[in-house]
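A quick write-up on the structure given underneath.
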């Protein structure tokens, strides 16, 4: 009786070293491109409003003027320069996204680290709170919280509505970091280096922040980049729902919502802010994709 020999599965065979090296280089290039896009945009958001001869609130005698040498991105229905307004609005939107996600990631990860050191009952309580918050879709929860907080000036010095959006994002963002950090920290507690640190008499806080915490940074950064993609689109769409930063402060979503009806006669008014949102989202997406591939290897 002849034995049947099945051919090897190509997917299960190890990839050549050259293929892995090429994949690593592609991931690095992808991450570099994404980071470059975000950094260049961030610098433009800061520099353009400072060096521009006109401000975002200046009104000219040429409403809905097409792009020209005088107004690179044209003007809106009130005659305001879209070039300056788009970059000033981008600074506000990017600041909201970065600060909100950074605070949520730090707070959520810190809670996850602490939960990993608690007894089973303490971990169960934190897990239930995390699960209850994550039961609500992220986008729906942010919209509901931002609408409930309203366009009031919650923090002096910030545009009306900015603090409400930021607080809503923080409340909706922290649970995944807590869950991710807690589950990974529980596994990392059994690593040889951590066990050796306990044998040497190191305290729990030193073990937590010197031996376990640093190993979780890349994973949380990867998720933060992924969350930044969704948050970029979300912040840009809040104005269409009647939520967001109150005028006259320039905001990309508000610029699109106020001028979308002008698309047939002045395409630049809604399209230019939309392109800024798109390019910023692509930058975050490239960073998130490369970081996710690296962590999955």
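Could you tell me whether residue 270 is closer than 18 Å to residue 84 by Cα and assigned to a loop (DSSP other than H, G, I, E, B)? Step through it out loud before you land on a result.
Details: closer than 18 Å to residue 84 by Cα: yes; assigned to a loop (DSSP other than H, G, I, E, B): no.
It is false that residue 270 is closer than 18 Å to residue 84 by Cα and assigned to a loop (DSSP other than H, G, I, E, B).
Could you list, in sequence order, the residues of the stretch 54-71 that are surrounded by fewer than 19 Cβ atoms within 10 Å (Cβ to Cβ), touching a helix residue (DSSP H, G or I) at 6+ places or on another chain (Cβ under 9 Å) and either at pLDDT below 90 or not in a loop (DSSP other than H, G, I, E, B) (or both)?
If the condition is that a residue be surrounded by fewer than 19 Cβ atoms within 10 Å (Cβ to Cβ), touching a helix residue (DSSP H, G or I) at 6+ places or on another chain (Cβ under 9 Å) and either at pLDDT below 90 or not in a loop (DSSP other than H, G, I, E, B) (or both), then 54, 55, 57, 58 are the ones that fit.
Regarding the stretch 92-106, can at least one residue be identified that is under 30 Å from residue 35 (Cβ atoms), in contact with a strand residue (DSSP E or B) (Cβ under 7 Å, 6 or more places away or on another chain) and either buried (at least 23 other Cβ atoms within 10 Å of the Cβ) or touching a residue at least 60 places away in the same chain (Cβ under 8 Å) (or both)? It would help to see each step written out before you state the result.
If we filter the stretch 92-106 for residues that are under 30 Å from residue 35 (Cβ atoms), which is where we start, we get 92-106.
Still in the running and in contact with a strand residue (DSSP E or B) (Cβ under 7 Å, 6 or more places away or on another chain): none.
Looking through the stretch 92-106, none of the residues is under 30 Å from residue 35 (Cβ atoms), in contact with a strand residue (DSSP E or B) (Cβ under 7 Å, 6 or more places away or on another chain) and either buried (at least 23 other Cβ atoms within 10 Å of the Cβ) or touching a residue at least 60 places away in the same chain (Cβ under 8 Å) (or both).
Which one is surrounded by the most Cβ atoms within 10 Å (Cβ to Cβ), of the residues in the stretch 233-252 that are touching a residue at least 40 places away in the same chain (Cβ under 8 Å) and assigned to a helix (DSSP H, G or I)?
252
With the requirement that a residue be more than 19 Å from residue 251 (Cα to Cα) and surrounded by fewer than 17 Cβ atoms within 10 Å (Cβ to Cβ), what does the stretch 140-165 give you?
Within the stretch 140-165, 140, 144, 148 meet the criteria.
List pairs: first in the stretch 25-44 and exposed (fewer than 12 other Cβ atoms within 10 Å of the Cβ), second part of a helix (DSSP H, G or I), Cβ under 9 Å, 6+ apart or cross-chain?
These pairs meet every condition: 39/283.
Regarding the stretch 9-31, can at least one residue be identified that is modelled with pLDDT of 90 or more and in a helix (DSSP H, G or I)?
Initial filter on the stretch 9-31 (modelled with pLDDT of 90 or more): none.
So far as the stretch 9-31 goes, no, none of its residues is modelled with pLDDT of 90 or more and in a helix (DSSP H, G or I).
Only one of 216, 208, 154, 158 is outside any helix (DSSP H, G or I) and either in contact (Cβ under 8 Å) with a residue 60 or more places away in the chain or more than 21 Å from the chain's Cα centre (by Cα) (or both); which? Break it down into steps so the answer makes sense when it comes.
Working: 216 fails: outside any helix (DSSP H, G or I); 208 fails: outside any helix (DSSP H, G or I); 158 fails: either in contact (Cβ under 8 Å) with a residue 60 or more places away in the chain or more than 21 Å from the chain's Cα centre (by Cα) (or both).
Within the list 216, 208, 154, 158, the selection yields 154.
Does the stretch 203-226 hold any residues that are surrounded by 15 or more Cβ atoms within 10 Å (Cβ to Cβ) and over 24 Å from residue 34 (Cα atoms), and which are they?
If the condition is that a residue be surrounded by 15 or more Cβ atoms within 10 Å (Cβ to Cβ) and over 24 Å from residue 34 (Cα atoms), then 207, 208, 211, 212, 213 are the ones that fit.
Name every residue in the stretch 167-192 that is farther than 30 Å from residue 244 by Cβ and out of contact with any helix residue (DSSP H, G or I) (no Cβ under 6 Å at 6 or more places or on another chain), in order of residue number. So that I can check it myself, show each step before the final result.
We begin by selecting, within the stretch 167-192, every residue farther than 30 Å from residue 244 by Cβ; these are 181-192.
Across the stretch 167-192, the qualifying residues are 183, 187, 189, 190, 191, 192.
The values are calculated or read from the model by the stated rules, or taken from the named source; none is laboratory data. Bear in mind that the values here come from a model prediction, so they are computed numbers and not experimental data. Heads up, the Cβs are rebuilt from the backbone with ideal geometry, glycines too, and the neighbour counts pull from every protein chain shown.
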